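The block underneath contains the structure these notes are about, expressed in structure tokens.
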Amino acid sequence: MSDLFWLTDEQMRRIESYFPLSHGVPRVDDRGRPRVMLLTEGQMSDYKGAALVFEAMPAAPVLLGDRGYDADWFRQALAARGTAACIPSRKGRKVSIPHDAVLYRRRHRIENMFGRLKDWRRIHTRYDRCPHAFMSAIALAATVIFWINQLVLSLDAQT
């Protein structure tokens, strides 16, 4: 492992444009594991999908989201729940709402979660046309990737 090295912030900014972002309604915990999953139609905006799973979301001190989640009602609902919103303002917003840029950088965990799910060929190419079967494949992949593998690793560490 001596051949590994860390990139500086400047290097990360230079290569950032080469890593495309995933889309969807991600809900991950502090370890990057999915907590709530929702399959929506492709044209549905992120904040409308977030409204569908808002009640199921676990309590958290901060919610990290991309510009797709920038809606006044969503920010107010998070504030009423006691959750701080770290969401950059949409480009079309007349009055920009500030966000913590340092904290927002941790959003890469959400993108990493999508990347790990898409490592499964069945999910990446969407073999299943039926939404129920596709969601089942996603749930199975998430179980294997994020829960069973971590359980096995933690058991190996104990022995």
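Quick one: in the stretch 37-82, of everything that is surrounded by fewer than 15 Cβ atoms within 10 Å (Cβ to Cβ) and either acidic (D, E) or under 12 Å from the mean Cα position of the chain (by Cα) (or both), which residue is modelled with the lowest pLDDT?
So the residue we want is E41.
Give R109, R122, R129 a once-over and let me know the one that is more than 30 Å from V62 (Cβ to Cβ), among the charged types (D, E, K, R) and assigned to a helix (DSSP H, G or I). Walk me through it before giving the result.
On the way: R109 fails: more than 30 Å from V62 (Cβ to Cβ); R129 fails: assigned to a helix (DSSP H, G or I).
Selected residue: R122, the only one of R109, R122, R129 that is more than 30 Å from V62 (Cβ to Cβ), among the charged types (D, E, K, R) and assigned to a helix (DSSP H, G or I).
Anything in the stretch 97-116 that is surrounded by 11 or more Cβ atoms within 10 Å (Cβ to Cβ) and out of contact with any strand residue (DSSP E or B) (no Cβ under 8 Å at 6 or more places or on another chain)? List them, or say none. It would help to see each step written out before you state the result.
Within the stretch 97-116, the subset surrounded by 11 or more Cβ atoms within 10 Å (Cβ to Cβ) is 97, 99-100, 103-116.
Of everything in the stretch 97-116, those that are surrounded by 11 or more Cβ atoms within 10 Å (Cβ to Cβ) and out of contact with any strand residue (DSSP E or B) (no Cβ under 8 Å at 6 or more places or on another chain) turn out to be I97, R105, H108, E111, N112, F114, G115, R116.
The values are calculated or read from the model by the stated rules, or taken from the named source; none is laboratory data. Not measured: the values here are computed from a predicted model. Neighbour counts are summed over all protein chains in view; Cβ atoms, including those assigned to glycine, are modelled from backbone coordinates with ideal geometry.
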